[in-house]
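In what follows, a single structure is set out as C-alpha cells and then discussed.
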Amino acid sequence: MFEHFELRHIPTLFTATVMTFGGMWSYFDARAAMLEFGLPDRIASTPAASAVMKINNARTTVIGMCLYTLYFRRELAACDTILAILGAYAGLVDSYVVWKEGNPRKAVFRFVSSGLVSAVGIAGWTAGR
C-alpha cells in the first residue's frame, strides 16, 4: 500500500489526513470546530452556522479522500495540482474571512500554512518534478 512512499509525500498525506478526519469534527462538535477554525463565538454558537459548517466540511472531507485516492493510485501530479489550488484559493478565502471576523492570529496562521501547502503543490514536490 505504501510501497511507493517517499519523504516528499508527507505534505500530501498530512493534508489528506487533516482534511479527511478534521473535516469530520463538525459532525461531533460543530461549535468547537468553528472556534478552532477561527470564527468567533457569536457565529459558532448559532444553529444555522452549525448546519453550514457540517455541509461545508462534507466537501472538505471529500477533498481529503480524493487526495488519498489519487495518492494510492500514484497520480502524484494530480495531488500536487489539488494542493496548489486548494492552498492558494481556499487558504486566501479562509484567511480573509477569519481576519474580517476578528481573529488576526488565526488568519495569519491559516494564510502561512495554506501558502506552504500551495507552494508544495506548485513546486510539484509530491510528484518529484
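The values are calculated or read from the model by the stated rules, or taken from the named source; none is laboratory data. All values reported here derive from a predicted model rather than from experimental measurement. Neighbour counts run over all protein chains shown; Cβ positions are idealised from the backbone, glycine included. All accessible areas refer to the heavy atoms of the entire protein, side chains included, with ligands and DNA or RNA removed. Shrake-Rupley method; radii C 1.70, N 1.55, O 1.52, S 1.80 Å.
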Considering residues of the stretch 1-49 that are of a type outside the set (A, V, I, L, M), closer than 30 Å to residue 74 by Cβ and outside any helix (DSSP H, G or I) only, the residue most open to solvent (accessible area, probe 1.4 Å): 3
Checking residue 93 against (1) of a type in the set (Val, Ile, Thr); (2) in contact with a Phe, Trp or Tyr (Cβ under 9 Å, 6 or more places away or on another chain); (3) under 13 Å from residue 37 (Cβ atoms), the condition it does not meet: (2)
Pairs with Cβ under 6 Å, 6+ apart, first in the stretch 89-114 and over 20 Å from residue 19 (Cβ atoms), second surrounded by 18 or more Cβ atoms within 10 Å (Cβ to Cβ): 99/107; 101/39; 103/38
Flag for residue 89 being in contact with a Ser or Thr (Cβ under 9 Å, 6 or more places away or on another chain), modelled with pLDDT of 95 or more and of a type in the set (Ser, Thr, Tyr): yes
